[in-house]
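Beneath this line is the structure, given in structure tokens, with notes to follow.
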Amino acid sequence: MNLNRCCRCGCFFVSDNSVCPNCAQKDQYEMNHLKNFLEENPNSININDLANSTGISSKNLNRFLAQKQFSDFNTQIKQL
């Protein structure tokens, strides 16, 4: 296990994850919300509109969309 800095809040923690235990639940909630939104809205959308529609920050959207579980949706997202 390594000393890491949380991608969400910036605190230091010991784990192999990219987010601290306090932020892990928020991450999971936002990833589920994003997946549901993308499944229900199959039209192309850019990151800024996606952030406004979901309430998820652009920083976190980019982090989530880089994960394998969202690879099917990448063609749906327009880059600015």
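Please give the length that would be gained between LYS26 and SER44 if that part of the chain were fully extended, namely 0.36 nm times their separation in residues minus their C-alpha to C-alpha distance (nm, one decimal).
Full extension of this stretch gives 3.9 nm more.
Where a ≥ b ≥ c are the square roots of the eigenvalues of the C-alpha gyration tensor, would you call the chain rounded, which needs a/c under 1.5, or, failing that, prolate if a/b is larger than b/c, or oblate?
Verdict is prolate for the chain.
Pairs of alpha-carbon atoms within less than 8 angstrom and 6+ residues apart define the contacts here; what relative contact order does the chain have, in percent?
So the answer I get is 22 percent.
Where does the charge balance sit around ARG8 when Lys and Arg score +1, Asp and Glu -1, over other residues with C-beta under 11 Å from its C-beta?
Value of the local net charge: +2.
All of the numbers you see were taken from the coordinates with simple rules; none came from a lab. Fair warning: this is a prediction, and the values are worked out from it, not measured in the lab. Positions of Cβ are backbone-derived with ideal geometry, glycine not excepted, and every protein chain shown enters the neighbour counts.
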